There are 2 protein chains.
Amino acid sequence: MSESLVIGADVGGTAVKYVVTDASYTPRVEGEIFCDPTDPGHTLDDLAGTIRSRLGAAWGDVETVGFACAGIVDPVAGRLGRAPNLPGWEGTDLAALAGAAFAGLPAVLANDVNAALMGEWRLGAGRGCRDLLMLALGTGVGGGIVVHGSLLVGGRCGAAELGHMILDREGPACGCGNRGCLEAYASASGLMAEARRRAAVPGADLDLVAFCSRTDADPRGLAALAVAGNAEAVDIYARAGTMLGLAVGNLVNALDPDRVIIGGGVAQAGDLLLATCRAEVPRVVLGERSKSVPIVLADLGPRAAALGAAVMALDEVAGG
Amino acid sequence: MSESLVIGADVGGTAVKYVVTDASYTPRVEGEIFCDPTDPGHTLDDLAGTIRSRLGAAWGDVETVGFACAGIVDPVAGRLGRAPNLPGWEGTDLAALAGAAFAGLPAVLANDVNAALMGEWRLGAGRGCRDLLMLALGTGVGGGIVVHGSLLVGGRCGAAELGHMILDREGPACGCGNRGCLEAYASASGLMAEARRRAAVPGADLDLVAFCSRTDADPRGLAALAVAGNAEAVDIYARAGTMLGLAVGNLVNALDPDRVIIGGGVAQAGDLLLATCRAEVPRVVLGERSKSVPIVLADLGPRAAALGAAVMALDEVAGG
């Protein structure tokens, strides 16, 4: 029996991750192709061709394509707005380009963190929740919000920019031009900036100085240093966790979600980050019963956004 | 022709404001009675008796009572939780008490700021919005959120505690025990604490010192001092407005509402407060189109919560 299939694709600055699933979300094929950040048409043709050749005859069963993109997405108009990592994709009518590449299949568009949240909500760490919050700690910090059982996009598609909640107007500089945003503390770049700041101080910890001088210094290496017992590395993660907890506490006071999911590469540090986060949240949250909101790690790993895009595409087929 | 009537009552620490309306929200009667913060049963009997005698034969047309209460409210269970200004009402089954006082009429319960938001949304400054945010600046700071066209209560009734968003962990002390909450800057008590702090400094502005020594010193008097040209008073309001704008900006980044309503007694200072607030918001908000979110004053004045309670009661009649 032939069955409806959907494609979920996660378009990042260097690669497009894709997955093709049926209604049970069992991946038929999955993989990754090179993404040309300056040329959406070429990349989409390449994606369609790759999937078509891998699916063979089952290509005819594909009904929709879901795209997750790093940037501001207008899901209704099918357009990509500000997308610093995808300069050639900015402002394009992605739904129309996708229709051209994918033989007229309808396309569904979402922000990448929103798509990851959809994936976690339906298939991962957020199953069963009605109100859900996600923070994705990567190079930057992205957010996603589910309220009353649906994704919060906002009237002007500007909702869930949770990485830029300002926690201290005199805090460290953020890439957005402000100071003291959550992203300036709890992103990969925020953690590394803090490590370098401490390493530059006279009398700095020598292991930290040695670590920061490596060209491959990254949050994973910093976490390894912390696990090996370096007190400075432990403290850098602990401070990031406290500021993460402050942001989560502020958001719980606003939204009172059933659960909070922490994802992204930086979250792989686990308790190095989450112990102080979990300690800070109940100090900030006012509602007695909301103080114990579960704060959990994401479940689906780097496939979350592609799977979530497939979920959204399948919802569209089912709903329409 | 007899018509359905509903009662809306706003239970505060010293008075209960009430309004009786028909489906067009035209008040039939309205007024205020003394509230005994230690005795809900007596107060409710008094309220029912007062309204009954004022309505006369039309009492028989009343179908529901809506209550707005200053405190944590579980609208589903009909219970009042933490309510510092209503110690005798805390933890009571208010729906049952109201049923006893109001001859078995069904009762609807809401937090007072949520009720005020419902009033503004349906009848005042928030008409026509799908996503809406309200901050009520009084003795403390309360919040209300409408998302996707419905009021956000939260899974544990802990949502919209927006007054306790922490904006600076080393900021001024807040009544909740934390430091740097929005309430510590933009409430009546926050403004007056800042005025006294400045008045206590050696070489302080003499007009500010004289103002702070008055026993009736309040935000209204501080606003009058500012309007009269006192630079310290102007700056105290301007700083509160900036911190309010920081909080609003953080919330717009999270929720991207169609409009933001600022209410409560402190908001009567108008541009003394709102000019810096409106200047700060676009500096914090990331989404280009969300930077210009309208920030407006509340429309309904001190009747907002009673009217909103009537709206919620009428919705319940219509829905059930």
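A few points about this structure:
- Counting only GluC sites (Glu not before Pro) that DSSP places in a loop and that have at most 13 other Cβ atoms within 10 Å, the longest clean stretch of chain A runs over A:4-169.
- For segment A:143-242, the set of trypsin sites (Lys or Arg not before Pro) satisfying both a DSSP loop assignment and a count of at most 14 other C-beta atoms within 10 Å is given as A:Arg214.
- Residue closest to axis [chain B; rotation mapping onto A; Cβ; Å]: B:Val147, 2
- Cβ neighbours within 10 Å from other chains - mean over B:281-291: 5
- A simple spin-label model places the labels of B:Arg214 and A:Asp93 6.3 nm from each other, with each point 7 Å out along Cα-to-Cβ.
- For chain A, the longest principal axis of the C-alpha atoms and the axis of helix A:231-255 are separated by about 60°.
- Between this copy and the others, label points of A:Phe34 are 8.4 nm apart in ascending order, each placed 7 angstrom from Cα in the Cβ direction.
- Shielding value for A:49-55 is 0, the average number of Cβ atoms from other chains within 10 Å of each residue's Cβ.
- Zone residues, segment A:89-133, relative to A:His148, backbone N less than 13 Å from point 7 Å out along Cα-to-Cβ: A:131
- Other copies of A:Ala23: label-to-label distances in nm, shortest first, labels 7 Å along the beta-carbon direction: 4.1
- Counting only DSSP beta bridges with both residues in the protein assembly as shown, the antiparallel share comes to about 55 percent.
- With 0.36 nm allotted per residue and the present C-alpha distance subtracted, the A:Arg169-A:Arg196 stretch has 7.6 nm of extension available.
- Chain A: angle of helix A:112-123 to the longest principal axis, Cα-based, in degrees nearest 10: 80 degrees
- Cα centre as origin, Lys/Arg/Asp/Glu Cβ charges: chain B dipole, Debye: 620 debye
- Across peptide A:254-264, the mean count of Cβ atoms from other chains lying within 10 Å of each residue's own Cβ comes to 4.
- Dipole check for the protein assembly as shown: with +1 at the C-beta of Lys and Arg, -1 at the C-beta of Asp and Glu, and the Cα centre as origin, the magnitude is about 700 Debye.
- Estimated distance in nm for a label pair at A:Val296 and B:Val317, the labels positioned 7 Å out from Cα along Cα-to-Cβ: 4.4 nm
- Computed FRET value (nearest 0.05) for B:Asp39 with B:Gln268, which takes r as the C-beta separation and R₀ as 22 Å: 0.10
- The C-alpha atoms of chain A define a longest principal axis, and helix A:304-319 lies at about 40 degrees to it.
- Nm distances between copies for B:Val317, ranked from closest, using label points 7 Å along Cα→Cβ: 4.8
- Residues of segment A:100-130 falling in the label zone of A:Ala23, defined by backbone nitrogen less than 19 Å from a point 7 Å along Cα to beta-carbon, are A:106, A:122-123.
- Structural descriptor for chain A: relative contact order 21 percent, calculated from alpha carbon pairs under 8 angstrom and at least 6 residues apart.
- Inter-label distance, nm, simple model (7 Å from Cα along the C-beta direction), B:Ala77/A:Glu32: 4.8 nm
- Charge dipole magnitude, Cβ of K and R +1, D and E -1 - segment A:138-286, Cα centre, debye nearest 20: 200 debye
- Only lysines eight or more places from A:Lys17 in sequence, or on another chain, were considered; none has a Cα closer than 28 Å.
Where a number appears in this text, it was derived from the coordinates with a stated rule and is not lab data. Because the structure is predicted, anything quoted here is derived from the model rather than measured. Note that we place each Cβ from the backbone using ideal geometry, even for glycine, and neighbour counts take in every protein chain shown.
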